[in-house]
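> Let me begin by handing over the structure; questions about it come next.
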Amino acid sequence: MSKQGKLIGVSVGPGDPGLITRRGWELLSNPEMVWTYPARNEKSDSFALGIVQRSGLEMPEEHTRLVFPMTHDLEKLSKAWLRAAKTVLDILNRGKDVLFLVEGDASTYSTFGHLAKSVKGLDENVEVETIAGVSSFNAAAASVQLPIAEVDDTMAILPAGYGVSTVEKLLDDFDSLVLMKVKPLMDDLIEMLESRGLLESSVFVERVGAPDERVVHDLRTLRGEKVNYLSLLLVKNPGRVKGEIKRGCRKR
C-alpha cells in the first residue's frame, strides 16, 4: 500500500501573485502535487486559484474544485465539509500530497482550518502542514502606506459582523482596528466612524492586490453602495488616550 499523502494548506496571499512565498512557490511548482481549491459552487471561479494562475504557474494534471457554499445553514455546511474531506482523503490514500490553495494566510479567517479538522475527523493519522502567507490586512496597509501599528500601539482584528456596537467599544481600547468582511454593515460603520471623528483616519480597501483593487479614502462616497465581499477597513484611532507603560504592561 502506498504511503498516505500529506494535506498542505498553501497560502497564496490576498491577490498579487508576487506575494506568494518561496516555500509556496516551490510546492506549487511540483507537478506531482494535486491542487484543490475553494469555490462557492460548481460554476463559480476560485479567487485563490485565480491568484496562482496569474503567476504563470501551470496547473498540475490532477486538480479538484472543493465547493463550500456561502450559507449559514449548518446542515448544508456540514454536508459540504464532509464531501470535501472525503474527496481529499481519497486522494491522500492514493499516496498523493494535496495542496489546498488559500487566499491570504491559511491561519487567518481561512477555510483551511475547517478542512483540515474535517479530514482528520475521518482519519486522525493524516499529516497536515500549513504554509504561512501574507494576510489581506497586511497587504492593504502596505498598499496605502499606512503603518497600522507602531511602537506600543494596540491593534484588534475582527469581522465587522460582530456589530457596530462591538466595534465602537473596541475603539476605546485599541489604537488601530482592522475590520474584515465589512460588506453587510458598510453604511452603519461609516455613520459610527463619522460620529467618532474617524473618517479621515480610516481607509477602505477592496480586493487588495488583485487587478481590480480599489482604495477609497473618502468613506462618505461609499454610502449606499454594495461593496465586494473581499473588502476591509483600516481604522486608526489617533485620539485614544493611552495608559502608562510599565514593565511591558499597559497600565490603565
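> Within the range 70-82, identify whether any single residue is at positive phi and without any contact (Cβ under 8 Å) to a residue 40 or more places away in the chain, and answer yes or no.
no
> Regarding the range 90-101, can at least one residue be identified that is among the basic types (K, R) and at pLDDT 95 or above?
yes
> Among helices (runs of 4 or more DSSP H) lying entirely in the range 8-114, which contain 3 or more residues that are touching a Pro at 6+ places or on another chain (Cβ under 8 Å)?
47-54, 74-92
> Which numbered condition in (1) buried (at least 17 other Cβ atoms within 10 Å of the Cβ); (2) modelled with pLDDT under 95 is the only one that D152 fails?
All conditions pass for D152, except number (1).
> Only one residue in L185, L193, L179 is of a type in the set (A, V, I, L, M) and in contact with a Pro (Cβ under 8 Å, 6 or more places away or on another chain), so which one is that?
Every option except L179 fails the conditions.
> So which of G13, G56, G18 is closer than 22 Å to V134 by Cα, surrounded by 15 or more Cβ atoms within 10 Å (Cβ to Cβ) and either in the same structural domain as P211 (by TED's automatic domain parsing) or not β-branched (V, I, T) (or both)?
G13
> Within the bounds of the range 72-81, is there any residue that is among the basic types (K, R), more than 23 Å from R207 (Cβ to Cβ) and out of contact with any Asp or Glu (no Cβ under 9 Å at 6 or more places or on another chain)?
The answer is yes; a qualifying residue exists.
> Next question. Return yes or no: is D188 over 23 Å from V216 (Cβ atoms) and surrounded by fewer than 21 Cβ atoms within 10 Å (Cβ to Cβ)?
Spelling it out, it is not the case that D188 is over 23 Å from V216 (Cβ atoms) and surrounded by fewer than 21 Cβ atoms within 10 Å (Cβ to Cβ).
> Something else about it: Determine, yes or no, whether V88 is touching a Ser or Thr at 6+ places or on another chain (Cβ under 7 Å) and crowded, with 18+ Cβ neighbours inside 10 Å.
Criteria met by V88.
The values are calculated or read from the model by the stated rules, or taken from the named source; none is laboratory data. Model, not experiment: these values are computed from the prediction. Glycine also receives a Cβ, built like all others from the backbone with ideal geometry; neighbour counts cover every protein chain displayed.
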